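Asks: First the structure, then my questions, so here it is.
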Amino acid sequence: MRGVPKVELHLHLEGAAPPGFVRSLAAEKRVDLSGIFDESGSYAYDGFVDFLRVYEAATSVIETPEDYGRLVRTVLEELAYHGVVYAETFVSPDFCGGGDLAAWREYLASMQEAAAAAEATDGIVLRGVVTPIRHFGPERAKAPALCAAETAGDWIVGFGMGGNEAVGNPGDFAWAFDCAREAGLRLTCHAGEWGGPDSVRGAVDDLRVERIGHGVRAIEDLALVGDLAERGIVLEVCPGSNIALGLYPDWAAHPIERLRSRGVKVTVSTDDPPFFHTTMTREFERLADTFGWDTDDFAALNRLAAEAAFCDAETRKTILKKLEAADV
Ligand code: ADE
Ligand code: ZN
């Protein structure tokens, strides 16, 4: 399955940092982060809110534009190894310069340079989706939105919110999403992961997003499922993440197949792969094992993800060509 080409639309950049990468930065900076790892060296957390705490602790040692450049190189090497030909990653001005535009530009330049180097060596294409952090609150979402608007273009192609869905309502963040939309950015938002169907409705109706991060709990309201299918809203589904965080007990209980069979456009991603002991290869293997997805299903999945990607038309054409070449 590793050699099958893949398109990944939902990947948090810091969440993709291997524990070894974070440990070596912590050692260089003489920061004691031992509390966030277990005996085997993996990230250790207890449930979703604690996961966010560990995520932010790990992120605290990824500090400079150079650190972020190194992170992009490390992550893209791993993704390319797993057959990913195109990925979108969530990047956050909150972590990259604290919302300051001049600083954000420096981080962005370093990340883009690293992405261009990876594209030149491995052919993998990366684009960025700016993300405010929901539990930092609506006021703090404004600076990332302005940073996103100012740097919207070929590389920063979207805007989407992550963080704790229990905080506030989607509509509280309308200013930030309107600002990003007016700058020409395409929109997504985490919803229907820890929140139920109303949270998904809020993201679609109040923030006018075209994709939803996760969205799987829409399955609890079949009228909403029908609505998502009819409106062509794309779900960035991350089954391994949902199972690792305890949203579903196992793969058989995961709703991805039920959503797909009801006509919802589902795509597959890893979210924060080392935190959840997953990779795109593993996600594909589990989908094949659990639901019997075959070559045609994966080809359709890839095509749908490429169609839903926020990149420009020329880039999309290139990705689709790569996928087609592998289909035959
Ligand atoms: N940030 C990183 N991973 C996340 C997830 N699964 N949900 C919400 N915010 C996140
Ligand atoms: Zn996510």
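Asks: Could you go through region 227-240 in sequence order and give the Karplus-derived ³J(HN,Hα) for each residue, using 6.51 cos²θ - 1.76 cosθ + 1.60 with θ = phi - 60°, rounded to whole Hz, and x for Gly and Pro?
Replies: 5, 4, 5, 5, 7, x, 5, 9, 9, 8, 8, 10, x, x
Asks: Before anything else, pin down the relative contact order of the chain: Cα pairs under 8 Å, at least 6 apart, normalised by residue count, whole percent.
Replies: Worked out over the chain, it gives 18 percent.
Asks: Could you please report the charge total around Thr278, scoring K, R as +1 and D, E as -1 over all other residues with beta-carbon less than 11 angstrom from its beta-carbon? It would help to have the intermediate numbers written out before the result.
Replies: On the way: positive: Arg282, Arg286; negative: Asp271, Asp272, Glu283, Glu285.
After counting each charged neighbour, the total is -2.
Asks: Please report the net charge: other residues with Cβ closer than 10 Å to the Cβ of Ser199, K and R +1, D and E -1. List each step's numbers first, then the result.
Replies: On the way: positive: Arg201, Arg217; negative: Glu165, Glu193, Asp198.
Net charge in that neighbourhood comes out at -1.
Asks: Extending each Cα 7 Å along its Cβ direction at His277 and Asp32, get the distance between those two points in nm, one decimal.
Replies: 2.8 nm
Asks: Also, I was wondering about something else. Once you keep just the Cα pairs under 8 angstrom separated by 6 or more residues, what percentage relative contact order results for region 18-61? Please list the in-between numbers first.
Replies: Numbers: 31 pairs, mean separation 18.5, N = 44.
Computed over region 18-61, the figure is 42 percent.
Asks: Here's a follow-up. Taking the DSSP beta bridges in the chain as the whole, what percent of them are antiparallel, to the nearest 5?
Replies: Counting only bridges with both partners in the chain, antiparallel ones make up about 5 percent.
Asks: A further question on this structure: List the residues whose amide H sits under 5 Å from the amide H of Val91, counting only those 5 or more places along or on another chain, with H placed 1.01 Å from N in the peptide plane.
Replies: Val129, Val130, Thr131
Asks: Continuing with the same structure: Considering the Cα positions of region 254-325, please state its Rg to one decimal place and its Dmax as a whole number of Å.
Replies: Radius of gyration, then largest Cα-Cα span, for region 254-325: 13.1, 35 Å.
Asks: With θ taken as phi - 60° and the coefficients 6.51, -1.76 and 1.60, list the Karplus ³J(HN,Hα) couplings across region 264-276 in order, rounded to whole Hz; mark glycine and proline as x.
Replies: Going residue by residue, I get 6, 6, 9, 10, 10, 9, 10, 6, 9, x, x, 5, 10 Hz, with x marking Gly and Pro.
Asks: Taking every Cα atom in the chain, find the radius of gyration and the maximum pairwise distance Dmax, and write them in Å.
Replies: In Å, with Rg to one decimal and Dmax whole: 18.3, 53.
Asks: Tell me what the chain gives for mean residue ellipticity at 222 nm when only DSSP H runs of n ≥ 4 count, each as -39,500 (n - 2.57), the sum divided by the residue total, rounded to 500 deg cm²/dmol. The partial results should precede the final answer.
Replies: Numbers: 13 runs with 153 residues, N = 328.
It lands at -14500 deg cm²/dmol.
Asks: With a probe of 1.4 Å, find how much accessible area region 18-61 has per residue, and write the answer as a whole number in Å². Walk me through the numbers on the way to the answer.
Replies: Numbers: 2240 Å² over 44 residues.
Value for region 18-61: 51 Å² per residue.
Asks: Near the amide H of Tyr86, under 5 Å away, which other amide H atoms are found, from residues 5 or more places off or on another chain, if H is placed in the peptide plane?
Replies: Here Lys6, Glu8, Val125 satisfy the definition.
Asks: For region 104-118, take each phi angle, set θ = phi - 60°, evaluate the Karplus expression 6.51 cos²θ - 1.76 cosθ + 1.60, and give the result in whole Hz per residue in order, putting x for glycine and proline.
Replies: Ordered by residue, 3J(HN,Hα) equals 3, 4, 5, 4, 4, 4, 5, 5, 5, 4, 5, 5, 5, 5, 5 Hz.
Asks: Working with all protein chains in place, sort His277, His135, His214, His82 by solvent-accessible area computed with a 1.4 Å probe, largest first.
Replies: The ordering from most to least exposed comes out as His277, His135, His82, His214.
Asks: Something else now. Summarise the accessible area of region 21-127 (1.4 Å probe, protein heavy atoms) by the percent that is carbon and sulfur. Intermediate results must be reported in sequence, preceding the final value.
Replies: Numbers: 2270 of 4620 Å².
In region 21-127, the share of accessible area belonging to carbon and sulfur is 49 percent.
Asks: Please report the Cα spread of region 157-281 along all three principal axes, rounded to whole Å, starting with the longest.
Replies: 40, 33, 25
Asks: Further question on the same structure: Cα centroids of region 234-285 and region 115-192: how far apart, whole angstrom?
Replies: Cα centres, region 234-285 to region 115-192: 22 Å.
Asks: Kirkwood Rh and Cα-based Rg: tell me the resulting Rg over Rh for region 18-61, rounded to two decimals.
Replies: Across region 18-61, the Cα-based Rg/Rh ratio is 0.94.
Asks: Net charge near Ala57, counting Lys/Arg +1 and Asp/Glu -1 over other residues with Cβ under 11 Å of its Cβ? Show your work: numbers first, answer last.
Replies: On the way: positive: Arg53; negative: Glu14, Asp32, Asp50, Glu56.
Residues close to Ala57 contribute a combined charge of -3.
The values are calculated or read from the model by the stated rules, or taken from the named source; none is laboratory data. Model, not experiment: these values are computed from the prediction. A quick note on method: Cβ atoms are made from the backbone with ideal geometry, for glycine too, and the neighbour counts reach across all protein chains shown. Protein only, heavy atoms only, side chains kept; ligands, DNA and RNA dropped before computing areas. Shrake-Rupley method; radii C 1.70, N 1.55, O 1.52, S 1.80 Å.
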